[in-house]
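A short write-up of the structure that comes next.
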Amino acid sequence: MRASSGPGPLTPASLAVWREEVSASLSAVTRGFEEKHGYGPGENAIHPPDADDRVASGRLAEESPGFAGLAAYYGEIGTVTMSDVGNAYFLHSGARALEERTALPEAGGTVPAVLIGSDGGGILYAVAADGGVWRSRGASEDVGFDRITHDLAGFLDLLRRSVHRFEETGQPGFV
C-alpha cells in the first residue's frame, strides 16, 4: 500500500511527501518506456521553486485568503511536467501563474482566478479566489469551467492518484 499525501492543509511537509511520492511514480513510468512504446520518454519531473516563484507565492498570499494553498504550494514546488502520464499534465511555475489569470465568472467573486496549468489536450486548470480548482470544458478559457475540487490539496491528490493509476495500469487518471 502506498503512503498517501491525501487532501489536507498544504504544508511544507505534506508537499514534500507529495513531491517524493509522485516523483517515484514518474521514475517508474519512465523505466522501460522506450522498450514499451518505441520512443523515449519526455520530461517527467517536479522542479523546485526559484526565487521568482517564492516572490509570486508571497504576492498570491496577500491577494486573497483563498490563495493560501497556492502560496504554500509555490513556496515549495516550481514547474511540474508529466509528459508521459495519460494525456500529459503541466503545472506552471508560481511566477508564470501569477501573470496568467482568467475572470472565471462561474466561481463568482471579483478576484481573477489563477491559471495553474493544463493537460496535453489544452484543458486548463485554474484556482479561484475561494481556493477551489476548476477545469475548462475545452481547450480555451472561453468555453467555461467546472469545479473539480474544493481546494488545491484535493487537486494535487487527484493528480497523485492519476500518476499512480497510469504507473500501475497505463490508464489515464482522474484529472
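Rule-based calculations on the coordinates, nothing more; no lab input. Since this is a predicted model, take the numbers as computed values, not measurements. Methodologically, a virtual Cβ is constructed for each residue, glycine included, from the backbone with ideal geometry; neighbour enumeration extends over all protein chains shown.
Scoring Y89 on the criteria (1) in contact (Cβ under 8 Å) with a residue 60 or more places away in the chain; (2) out of contact with any Leu (no Cβ under 7 Å at 6 or more places or on another chain); (3) under 18 Å from S136 (Cβ atoms) leaves a single failure, condition (2).
For the range 124-162, filtering for residues that are of a type in the set (G, A, S), out of contact with any Phe, Trp or Tyr (no Cβ under 6 Å at 6 or more places or on another chain) and over 14 Å from P105 (Cα atoms) leaves 6. Annotation note: Cβ proximity below 6 Å between a residue of the range 107-136 that is under 15 Å from G69 (Cα atoms) and a residue that is of a type in the set (S, T, N, Q) (sequence gap 6+ or interchain) occurs for A113/T102; L115/T102; A126/T102; A129/S64; V133/T149. Residue pairs whose Cβ atoms lie under 6 Å apart, sitting 6 or more positions apart in sequence or on different chains, and linking a residue in the range 160-174 that is in a loop (DSSP other than H, G, I, E, B) to a partner that is among the aliphatic types (A, V, I, L, M), are F174/L158.
Inspect all residues belonging to the range 29-39 and state whether any of them is in contact with a helix residue (DSSP H, G or I) (Cβ under 8 Å, 6 or more places away or on another chain) and small (G, A, S). Checked against the condition, which is being in contact with a helix residue (DSSP H, G or I) (Cβ under 8 Å, 6 or more places away or on another chain) and small (G, A, S), the range 29-39 yields no hits at all.
Scan the range 26-41 and give yes if some residue there is within 24 Å of V114 (Cβ to Cβ) and part of a loop (DSSP other than H, G, I, E, B), otherwise no. No: the range 26-41 contains no residue that is within 24 Å of V114 (Cβ to Cβ) and part of a loop (DSSP other than H, G, I, E, B).
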